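Chemist: Dropping the structure in here first, questions after.
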Amino acid sequence: MKGMKQPLILEIKGNSLDDGPGIRSVVFFKGCPLSCVWCHNPESKKTVTEISFSARDCIGCETCLKVCKKQALSKSNPHYIDRDKCDLCFECVEVCPAKALTRVGKEMTVDEIINRVASDKPFYNVSGGGVTLSGGEATLFPEFVGELLKRLKENEINTLVETCGQFNFEDFKKHILPFTDMIYYDLKLFDSRLHKKYCGTTNENILENFEKLFRLSQKGDFILLPRTPLIPNITDTDENLISIADFLKNLGVKRSELLSYNPTWFEKNQKLGILVDEEISETEKWQAQEKIAHCEKIYTDRGIKVRQE
Ligand code: SF4
Ligand code: SF4
């Protein structure tokens with residue numbers, strides 16, 4: 001489609017059991033309008049191509065040091081790559097024998113994505129699965145995503161869109177909604193001031209979009225599932241969860257999901273040379289089952305069934 005905003009794709013993951021019902025392929029889009037401090041996909045934040053370095057995979061052969069014309073690589077640099085010097089020529093990526101240096105994000109056409117995911121249709125059919133669009137934020141590219149979803153539906157493949165809710169509602173309704181079977185919708189922080197502090201934007205648009213979508217979902221054409229990630233001392237506070245659960249209850253929402261905290265985001269940020277606030281990095285541990293049960297009770301006390309992922 002002419003003039004369509006072209007996304008970068010981070011990865012297409014097959015045989016996923018964690019991104020919706022059944023066996024699914026997951027298409028990860030690069031770029032997100034939020035910048036959550038705990039993001040477990042930090043490579044998906046920017047819409048542009050990046051370079052990633054994994055200290056764990058590096059075998060210290062120094063091949064990359066010899067090819068870099070910008071002298072951007074140095075063992076004495078704790079992040080290994082000086083991103084101010086690097087011009088993203090990716091010559092080091094080409095020669096790295098251990099794949100410790102990798103290019104993050106590549107252009108793919110709708111046809112290329114369909115070719116990759118449609119071959120797994122038999123697995124989707126036997127398991128009640130399909131294709132999930134994740135990120136990053138797929139809704140940043142409404143026309144491209146709409147075209148992709150349309151093609152998936154033409155192939156009789158179930159579609160699920162994961163979203164942070166920060167989108168233009170009319171674009172979403174026009175391009176994406178007609179071809180979407182399920183929407184997983186993140187509600188992270190109810191207090192707009194805290195949302196701005198920890199996610200980079202205020203949340204009025206996100207809450208408004210959720211309300212509009214919930215009303216439309218009552219016709220039964222698609223399933224809308226709100227989800228809240230449980231981030232220690234940020235989103236898992238009683239105050240936040242009570243506010244979100246009350247908001248959902250008042251709308252008439254009967255089901256929600258709580259996502260347990262994944263501390264692996266910290267290492268991923270290091271690979272991309274992203275500095276992490278010390279206050280946040282201290283939350284680097286898995287959550288206790290008692291804490292998760294306490295969070296669930298806040299929802300169930302309000303008549304909302306909770307599924308934990
Ligand atoms: S991408 Fe190019 S400039 Fe950047 S570190 Fe690698 S070789 Fe050097
Ligand atoms: S080429 Fe790869 S494995 Fe060798 S030193 Fe560079 S990053 Fe490490």
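Chemist: Considering only residues that are assigned to a helix (DSSP H, G or I) and under 27 Å from L34 (Cβ atoms), which ones fall in region 117-144?
Modeler: Selection gives V117, A138, T139, L140, P142, E143, F144.
Chemist: I need the full set of residues from region 93-106 which are within 11 Å of ligand 1 (Cβ to nearest atom), in contact (Cβ under 8 Å) with a residue 40 or more places away in the chain and of a type in the set (A, V, I, L, M, F, W, C), in order please. Don't jump to the end; show me each part of the working.
Modeler: Here is the first cut: in region 93-106, the residues within 11 Å of ligand 1 (Cβ to nearest atom) are 93-96, 101-103.
Narrowing further to those that are in contact (Cβ under 8 Å) with a residue 40 or more places away in the chain: 93, 101-103.
Residues satisfying the conditions are V93, L101.
Chemist: Another one. With the requirement that a residue be under 26 Å from F29 (Cβ atoms), within 11 Å of ligand 1 (Cβ to nearest atom) and touching a Cys at 6+ places or on another chain (Cβ under 7 Å), what does region 40-81 give you?
Modeler: I51 - this is the single residue of region 40-81 that is under 26 Å from F29 (Cβ atoms), within 11 Å of ligand 1 (Cβ to nearest atom) and touching a Cys at 6+ places or on another chain (Cβ under 7 Å).
Chemist: Return yes or no: is L140 within 12 Å of ligand 2 (Cβ to nearest atom) and among the aliphatic types (A, V, I, L, M)?
Modeler: On the way: within 12 Å of ligand 2 (Cβ to nearest atom): no; among the aliphatic types (A, V, I, L, M): yes.
No, not satisfied.
Chemist: Among the candidates L148, L152, which residue alone is without any contact (Cβ under 8 Å) to a residue 40 or more places away in the chain, assigned to a helix (DSSP H, G or I), crowded, with 20+ Cβ neighbours inside 10 Å and among the hydrophobic types (A, V, I, L, M, F, W, C)?
Modeler: Selected residue: L152, the only one of L148, L152 that is without any contact (Cβ under 8 Å) to a residue 40 or more places away in the chain, assigned to a helix (DSSP H, G or I), crowded, with 20+ Cβ neighbours inside 10 Å and among the hydrophobic types (A, V, I, L, M, F, W, C).
Chemist: Which of the residues that make up region 191-212 are on the phi < 0 side of the Ramachandran plot and either among the aromatic types (F, W, Y) or touching a residue at least 40 places away in the same chain (Cβ under 8 Å) (or both)? Reasoning before the result, please.
Modeler: Start the filter on region 191-212 by keeping residues that are on the phi < 0 side of the Ramachandran plot, which leaves 191-199, 201-212.
Once the filter is applied, which keeps residues that are on the phi < 0 side of the Ramachandran plot and either among the aromatic types (F, W, Y) or touching a residue at least 40 places away in the same chain (Cβ under 8 Å) (or both), region 191-212 yields D191, L194, Y198, C199, T201, N205, I206, L207, N209, F210, E211, K212.
Chemist: What's the number of the only condition in (1) of a type in the set (V, I, T); (2) away from ligand 2 (no atom under 16 Å from the Cβ); (3) in contact with a strand residue (DSSP E or B) (Cβ under 9 Å, 6 or more places away or on another chain) that V110 fails to meet?
Modeler: V110 satisfies all of (1) of a type in the set (V, I, T); (2) away from ligand 2 (no atom under 16 Å from the Cβ); (3) in contact with a strand residue (DSSP E or B) (Cβ under 9 Å, 6 or more places away or on another chain) except (3).
Chemist: Are any residues in region 161-184 in a strand (DSSP E or B) and surrounded by fewer than 22 Cβ atoms within 10 Å (Cβ to Cβ), and if so, which ones?
Modeler: Step one: of region 161-184, the residues in a strand (DSSP E or B) are 161-163, 182-184.
Those that are in a strand (DSSP E or B) and surrounded by fewer than 22 Cβ atoms within 10 Å (Cβ to Cβ): M182, Y184.
Chemist: Out of C58, C86, C32, C39, I need the residue that is farther than 24 Å from G146 by Cα, in a loop (DSSP other than H, G, I, E, B) and away from ligand 2 (no atom under 16 Å from the Cβ). Which one?
Modeler: None of the others qualify; the one that does is C39.
Chemist: Could you tell me which of the residues R227, R193, R215 is surrounded by fewer than 21 Cβ atoms within 10 Å (Cβ to Cβ), of a type outside the set (S, T, N, Q) and over 18 Å from L34 (Cα atoms)?
Modeler: R215
Chemist: Suppose we filter V117, V67, V48, V95 for residues that are more than 10 Å from ligand 2 (Cβ to nearest atom), in contact with a helix residue (DSSP H, G or I) (Cβ under 8 Å, 6 or more places away or on another chain) and among the hydrophobic types (A, V, I, L, M, F, W, C); which single one remains?
Modeler: So the residue among V117, V67, V48, V95 that is more than 10 Å from ligand 2 (Cβ to nearest atom), in contact with a helix residue (DSSP H, G or I) (Cβ under 8 Å, 6 or more places away or on another chain) and among the hydrophobic types (A, V, I, L, M, F, W, C) is V117.
Chemist: Right, here's the next one. Specify which of the listed residues (L10, L34, L17) is within 25 Å of L160 (Cα to Cα) and loosely packed, with under 13 Cβ neighbours inside 10 Å.
Modeler: Answer to the selection: L17.
Chemist: Follow-up question, since we're still on this one. Among the numbered conditions (1) more than 19 Å from K5 (Cβ to Cβ); (2) surrounded by fewer than 17 Cβ atoms within 10 Å (Cβ to Cβ), tell me where N158 comes up short.
Modeler: It fails just one condition, (2).
Chemist: Additional query: Could you tell me whether R193 is farther than 18 Å from L140 by Cβ, under 19 Å from the mean Cα position of the chain (by Cα) and basic (K, R)? Write out each step before concluding.
Modeler: Numbers: farther than 18 Å from L140 by Cβ: yes; under 19 Å from the mean Cα position of the chain (by Cα): no; basic (K, R): yes.
Spelling it out, it is not the case that R193 is farther than 18 Å from L140 by Cβ, under 19 Å from the mean Cα position of the chain (by Cα) and basic (K, R).
Chemist: Does Y185 satisfy the condition of being over 17 Å from the mean Cα position of the chain (by Cα) and touching a residue at least 24 places away in the same chain (Cβ under 8 Å)?
Modeler: On the way: over 17 Å from the mean Cα position of the chain (by Cα): no; touching a residue at least 24 places away in the same chain (Cβ under 8 Å): yes.
Criteria not met by Y185.
Each reported figure results from applying straightforward, stated rules to the coordinates on display, with no laboratory input. Since the structure is predicted, the reported quantities are computational estimates derived from the model, not experimental observations. A quick note on method: Cβ atoms are made from the backbone with ideal geometry, for glycine too, and the neighbour counts reach across all protein chains shown.
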